[in-house]
Amino acid sequence: MDPMALVTPAIGLMFWTCVVFVLLLVLLKKFAWKPILNAVDERNESIENALKSAENAKVEMQALNADNERILAEARLERDALLKEAREIKGNIINEAKEQANVEADKILTSAKEQISTEKMKAITELKNTVAELSIDMATMVIKSELKDADKQKKLVTEALKEAELN
Amino acid sequence: MLKTTLKATIVLLLLLITSATIQAENHPTEVNSDELYNPVPAIMHHISDAHEWHLWGEGEGSVTIPLPVILYTEGNLDIFMSSDFNHGHLAVVKGNRVYSIDSHSNITESSGLKPLDLSITKNVASMLLALVVLLILFVGAGFKSKKNKGSPNGLLSFIEPLVLFVRDDIIKPNVGTNYKKFLPYLLTLFFFILINNLLGLLPGSANVTGNIAITLVLSFITLLVTNFSANKSYWGHIFNPPGVPLALMPIMIPIEIVGIFTKPFALMIRLFANISAGHIIILSLISLIFMAQSGLGNGGAFGVAPVSVIFVLFMYLIEVLVAFLQAYIFTLLTSLFIGLATVEKH
C-alpha cells in the first residue's frame with residue numbers, strides 16, 4: 001500500500017471527528033464539567049467556611065478564656081480587698097469596742113466612786129448625827145446624874161456665873 | 001529519558017516499516033513461497049481505517065462487523081452497509097452509480113464520479129463508542145455530583161480527582177488567570193484523547209488517535225482556539241517582534257507566521273506518531289513469531305513466542321503510560337499555547 005496513505009487525512013473521518021468532538025464538548029460542558037466543577041467549588045467553599053468558622057470559634061474561645069481569667073483575677077483581687085477591708089473593719093470594731101468598754105468602765109468606775117463617796121458622806125453625816133445624838137443623850141444622862149443633888153447644881157451655877165463674870 | 005528512547009525506537013521502526021513497504025511495493029509480482037513472512041500488510045491493515053470492523057479470520061472466513069457506508073456523489077446521498085461489498089468482491093449499484101472498494105478501503109465510482117466518503121468507518125465507530133463511554137462516565141458523574149452534596153462516592157470519586165488533576169495541574173498553571181473560559185474545551189480534549197487512546201489499546205479495536213485525520217482536526221481546533229482567543233500582545237509579537245531591527249523584519253515576520261502553524265502541526269504529528277508507533281511496535285513484535293515460523297519452522301515460532309510475548313507485554317504497559325502521557329501532553333501544550341496567546345504584556 002501507499003505509505004503516504006498513512007499521513008493522508010480522510011475527509012469523512014475529519015468530518016465525523018468534528019461532529020463527535022463538538023457534540024462531546026456541548027454535552028460534557030452542560031452535563032459533566034459544570035456540575036462536577038460546581039460541586040467541587042461549592043465543597044471547597046463550604047470546607048473553607050467551616051475552617052474559617054472553626055478558626056473564629058477558636059479565637060472566640062480564646063477571648064472567652066482570657067475574659068474568664070480576667071474576671072477570675074478581678075474576683076480574686078476583689079476578694080482579697082474585701083478580706084482586707086473586713087480584717088480592718090474587724091480590727092476597728094474590736095478597737096472601738098475596747099475603747100468604748102474602757103470609757104464605759106471608767107464611767108462606771110467614776111460613778112461608783114461618786115456613789116461610794118456620797119454614801120460615805122451620807123454615812124459620815126449619819127454617824128455624826130448618831131454620835132451627836134448619843135453624845136447629847138449621854139450628856140443628858142450625865143447632866144441628869146450630875147444635877148441630882150442640889151449642891152452640885154449650885155456649885156455648877158456658881159462656877160458658870162464666875163466664868164460669865166470673867167467674860 | 002524513557003520518552004526519548006521510545007521516540008527514537010518509534011522513528012526507527014516507522015522508517016523500517018516504510019522502507020519495507022516501499023520494497024514490497026516495488027516487487028509486487030515476486031511471489032515466493034520460501035520468502036519470509038511480510039508483516040507490513042497486516043500491520044498497515046491494523047493501523048489503517050476501514051469500512052468494516054474486522055475482528056478475526058482471513059478472507060472468506062473472516063469475522064467482521066459491517067458498518068454503514070455513506071457516500072455523497074454529485075448531489076446524491078447513498079447509504080448502504082459495508083457488507084454489501086462482500087469483502088470487496090462485489091460492486092454496489094445505487095441508481096446509475098456503481099461503487100467498488102479496493103483492498104485499502106478506498107471506494108471508487110466506476111464512471112469516474114468522485115464520491116465524498118462520509119462513511120461510519122471503523123475509526124468513526126470507535127469514536128462513537130468513545131463518545132458513549134465518555135457520556136456514561138462523565139454525565140453519570142455530573143448527575144451524581146448534582147445529587148450528592150457531601151464527599152464524592154462511587155463513580156464520582158474516580159472521575160473527580162481526574163478532572164481536578166487536569167484542571168489544577170494542566171490547565172490552571174498554563175492557561176493563567178482566565179482559564180475558566182477554556183475549561184470545558186480543554187477537559188473535553190484531554191478525556192477525548194485519553195479514552196480514545198485507551199480504547200485503541202483493546203484487542204481488535206481501531207487506531208483512532210493514531211490516525212492523522214483525527215489528530216489534524218484536534219490540532220486544528222487548537223489552532224483556532226489559540227488564535228481566536230489571542231490578544232494584542234500576541235499579534236504584536238508576530239507582526240512587530242520586539243527588539244528586532246527593521247532590516248530583519250522581512251525574515252522574522254514570516255517565521256513568526258509559520259510559527260502559528262508549526263505549533264499545532266507538531267501536536268498533530270506527535271499524537272499521531274506516538275499512538276501509531278505504539279501499535280506498530282506491538283504488531284511488529286507479534287509478527288516476529290510469524291516471521292520466525294516462515295523462516296525457521298514451527299520450532300522457531302515456539303522459540304521466539306515467549307520472548308515476543310514478554311516484549312509485547314512490556315510494550316503494552318508502556319502504551320498504557322503513553323495513552324495518559326499523550327493526552328496529558330496534548331492538553332498541556334494546548335493550554336500553554338492558549339496561555340501564551342492570552343498573557344498580558346510582560
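So that you can scan it fast, the table gives a plain yes or no per residue for (1) over 26 Å from B:D117 (Cβ atoms); (2) modelled with pLDDT under 90; (3) at the interface with another protein chain (Cβ under 8 Å from one of its Cβ atoms):
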site: A:P9; (1), (2), (3): no, yes, yes
site: A:W16; (1), (2), (3): no, no, yes
site: A:V22; (1), (2), (3): no, no, no
site: A:K30; (1), (2), (3): yes, no, no
site: A:A39; (1), (2), (3): yes, yes, yes
site: A:R43; (1), (2), (3): yes, yes, yes
site: A:I47; (1), (2), (3): yes, no, no
site: A:K52; (1), (2), (3): yes, no, no
site: A:E55; (1), (2), (3): yes, no, no
Any residue in the stretch B:252-269 that is assigned to a helix (DSSP H, G or I), hydrophobic (A, V, I, L, M, F, W, C) and in contact with a Pro (Cβ under 8 Å, 6 or more places away or on another chain)?
yes
Residue within the stretch B:72-82 that is more than 22 Å from the chain's Cα centre (by Cα), part of a helix (DSSP H, G or I) and not hydrophobic (A, V, I, L, M, F, W, C) present
yes
State whether one or more residues within the stretch A:9-26 are under 30 Å from B:F220 (Cβ atoms) and not in a helix (DSSP H, G or I).
yes
Of the residues in the stretch B:168-205, those that are open to solvent by 30 Å² or more (accessible area, probe 1.4 Å) and hydroxyl-bearing (S, T, Y) come to B:T177
Within the stretch B:45-66, is there a residue that is farther than 27 Å from A:V22 by Cβ and charged (D, E, K, R)?
yes
Could you check the stretch B:39-53 and list, in sequence order, the residues that are without any contact (Cβ under 8 Å) to a residue 24 or more places away in the chain and more than 12 Å from chain A (Cβ to nearest Cβ)?
none
One residue is enough: does the stretch A:95-104 have a residue meeting the conditions in contact with a helix residue (DSSP H, G or I) (Cβ under 9 Å, 6 or more places away or on another chain) and either assigned to a helix (DSSP H, G or I) or open to solvent by less than 80 Å² (accessible area, probe 1.4 Å) (or both)?
no
For residues in the stretch B:129-144 being within 20 Å of the chain's Cα centre (by Cα) and touching a residue at least 12 places away in the same chain (Cβ under 8 Å), which is surrounded by the fewest Cβ atoms within 10 Å (Cβ to Cβ)?
B:V133
Within the set of pairs 6 or more residues apart or between chains, which connect a residue that is within 14 Å of chain A (Cβ to nearest Cβ) inside the stretch B:209-232 to a residue that is among the acidic types (D, E) with Cβ atoms less than 9 Å apart?
B:N211/B:D49; B:A213/B:D49
Scan the stretch A:17-38 and give yes if some residue there is in contact with a Lys or Arg (Cβ under 9 Å, 6 or more places away or on another chain), without any contact (Cβ under 8 Å) to a residue 60 or more places away in the chain, basic (K, R) and more than 30 Å from B:V69 (Cα to Cα), otherwise no.
no
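The values are calculated or read from the model by the stated rules, or taken from the named source; none is laboratory data. Note that the structure is a prediction, hence the values are computed from the model and not measured. Glycine also receives a Cβ, built like all others from the backbone with ideal geometry; neighbour counts cover every protein chain displayed. For the accessible areas, the whole protein counts, side chains as well, though only heavy atoms, and no ligand, DNA or RNA atoms are used. Shrake-Rupley method; radii C 1.70, N 1.55, O 1.52, S 1.80 Å.
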